[in-house]
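Just so you know, all these numbers are worked out from the coordinates, no wet-lab data involved. Here the structure is a predicted model, which is why all the values come from computation and not from measurement. With ideal geometry, Cβ positions are generated from the backbone for all residues, glycine too; neighbour counts draw on all protein chains shown.
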Amino acid sequence: MRVPDTIPQAPGGVPLLGHTLPVLRDPFAFLTSLPAGADLVRVRIGPVQAILVCDPELTWQVLHDDRTFDKGGPIADRAREVLGNGVATCPHSEHRRQRRLIQPAFGQARLPGYARIMAEQINAMTGSWHDGRVLDVMAEMSALTARTVTAALLSSALPPQVIRDSADDVGTLFQGIYHRMLAPALLNRLPTRGNRRYMRASDRLRATFGAVIADRRGDSADRGDLLSALLIASREEDSARGRGLSDTELVDQALTFLLAGVESTAALLSWTLHVLALHPDVEAGLHSEVDAVLDGAPAEFEHLPRLALTHRVIRETLRLYPPGWLLTRKATADVRLGGHLVRAGTNVFYSPFLVQRSGGLYPDPERFDPGRWDDTQRDPPPRNAFIAFSGGARQCIGDRFSGVEAALALATVTARWRLEHLPGQRVTLAKTTTLRPHGLFMRTTARTP
Ligand code: HEM
């Protein structure tokens, strides 16, 4: 679908290749190079033509009109190949039903139970470190969040090797989705090593979760895990309307939680540890907070309301490093957006990275300043300024889940350990579907508060 010519082209495009090279080279520099004040720009990346929404209020409009701007576009399409028709990838026509069935699994009442599972995993991780150990931070945090989501999903422990394999498979899929978005469809079907690895990862995850779900279908006990909540809601829906979740839909949901919940929270935690080490003043404030609140104990759900700075540090890190940095929609009808006519079928991209670094919304936007979120000190940023969890009907269902996990992990880690960069280290932004740090290795030192 051609995108409207009335919308200016993003700078740096060349005939035939469009913006593919600058985006491949450094997508984040490309985003920050877009003209200040542009509302929409046309981009062409690989085979894909799209409009990129730059203006925060127009982004808000896109997110809150989920019928017109439906799930679709290259990222959602590639994700659908793996996740099937789960809540994150299904079309608008299916979404209300799925979301209603899944919402109870993420309700407030279930959080303390998930927090106990998280605290156990966080304790095991920080307890396994020793003084002077060098951590591959993203790998360590991914192992933590994979164990946490799997345990919260299934409660009954999967063998450690299966969990490790699942975390690896999630990483392979994330890397693959981004590259497959940039490649022509034909290349994605060739039996290359990368494509075979991608398909193997997808098949293995489906087989693992398919077996567990088949096993649990007849189990009516509430084990307090995500799967119990899904099975209970599904049975209730079945008796009310005969439209509960099928086995395939349950596997789609389980894979969705895994893909949506593992890399994102791991990236957030990794960036948080990185920025803390760069800001000793904030780190010192956090040490005072966790020492006073935890008094040497590991963080638990009950501590969360008193960890104000911990929450602010996490939010500010999410502002600067939103794991979902580029997301896609497809227009399902002709629609006016910012004075332009956008035709049905047009790919529409939005970017939390772009919005959340906007100088119009945040003074000195590149500066890490957790104080921005202290609403007792100043006015909080406007409603459209923070979209790390998206917005509207498709807003992240795991936002509170990941908020609890990130706060417990950050508090327990900083109470017990200082993490420092290795000398001469260069940390960059990795080019994958998730905005994650590349080359982040840190050395542990035990704290004695
Ligand atoms: C820091 C952590 C996280 C971030 C930044 C994040 C971000 C997002 C974003 C931006 C979306 C919308 C995607 C789009 O617009 O296309 C989303 C959707 C979703 N997320 Fe998260 N997420 C996080 C953690 C989690 C966790 C832990 C889970 C589950 C265990 C989860 C489950 C989901 C699901 C199921 C959706 C689809 C919701 C729907 O379409 O109704 N997320 N997330």
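Structural remarks
- Within segment 58-175, the proportion of C-alpha pairs whose separation exceeds 24 Å stands at 46%.
- Top positive-direction residue, dipole computed over segment 20-446 with Cβ charges, set GLN108, ALA385, LEU327: LEU327
- Extreme residue, positive dipole direction of the chain, given options VAL149, ALA183, VAL413 (C-beta unit charges): ALA183
- Cα centroid of segment 402-421 to Cα centroid of segment 119-156, whole Å: 11
- Only one residue of ALA167, ASN123, LEU268 has its Cα farthest out toward the positive end of the dipole of the chain, where Lys and Arg carry +1 and Asp and Glu -1 on Cβ, and that residue is ALA167.
- Computed over segment 20-446, the convex hull of the alpha-carbon atoms projects to a mean area of 21.0 nm².
- Size of charge dipole - the chain - debye, nearest 20, with Cβ of Lys, Arg +1 and Asp, Glu -1, no other charges: 1320
- Sites matching trypsin sites (Lys or Arg not before Pro) across segment 343-408 that sit in DSSP coil, with at most 15 neighbouring C-beta atoms within 10 Å: ARG343, ARG367, ARG378
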